1. If you place +1 on the Cβ of every Lys and Arg and -1 on the Cβ of every Asp and Glu, how big does the dipole about the Cα centre of the chain come out, in debye to the nearest 20?
2. Among Asp35, Asp101, Asp72, whose mean-square fluctuation peaks in a Gaussian network model of the chain (Cα, cutoff 10 Å)?
3. Is any residue of region 101-116 close enough, with backbone N under 17 Å, to a label point placed 7 angstrom from the Cα of Asp72 along the Cα-Cβ axis, and if so, which?
4. If you average the C-alpha positions of region 1-70 and of region 84-115 separately, how far apart do those two centres end up, in angstrom?
5. Going from most exposed to least, what order do Leu11, Leu18 have by accessible area with a 1.4 Å probe?
6. Any idea of the accessible area per residue across region 1-82, 1.4 Å probe, to the nearest Å²?
7. If contacts are Cα pairs under 8 angstrom and at least 6 residues apart, what is the relative contact order of the chain in percent?
8. Accessible area, 1.4 Å probe, largest first: how do Lys96, Lys86 sort?
Amino acid sequence: QVQLVESGGGLVQPGGSLRLSCAASGSIFSAYTMDWYRQAPGKQREFVAAIARAGRTNYAASVKGRFTISKDNAENRVYLQMNSLKPEDTAVYYCKLVDSDYVDYWGQGTQVTVSS
């Protein structure tokens, strides 16, 4: 059983930056993929970014060029660097790990609010 804990959320002005972190209780080295999702009030949870075991990344069109996903296998952490933030990026951001058996694990989420 893997536990994921997100951190780094908060209130930021439009155009600002935040770096989210997701700490895993176990090794992420063999994880099939680690992803970030977000859910805004009244909306469905949506995909934001993913990083595969070998390091290949994938992004939602809405964040491509502004967000960067990365991971540190030694520290069992995955990060989401968010730049040029917009009010529409406001959401609860969730970390997800898909293990080598394709079982999903989710964190509890961290709130990101972009507002002046």
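The values are calculated or read from the model by the stated rules, or taken from the named source; none is laboratory data. These numbers were taken from a predicted model, which means no experiment stands behind them. FYI the Cβ positions are ideal-geometry reconstructions off the backbone, even for glycines, and counts take in every protein chain you see. When the accessible area is computed, the model is the full protein with side chains, heavy atoms only, and any ligands, DNA or RNA have been set aside. Shrake-Rupley method; radii C 1.70, N 1.55, O 1.52, S 1.80 Å.
1. 320
2. Evaluated over the chain, the most mobile residue of the options is Asp101.
3. none
4. Between the Cα centre of region 1-70 and that of region 84-115, the gap is 5 Å.
5. The residues order as Leu11, Leu18, largest area first.
6. Working: 4550 Å² over 82 residues.
Heavy-atom SASA per residue in region 1-82 reads 55 Å².
7. Averaging sequence separation for qualifying contacts and normalising by length gives 37 percent for the chain.
8. The ranking, largest first, comes out as Lys86, Lys96.
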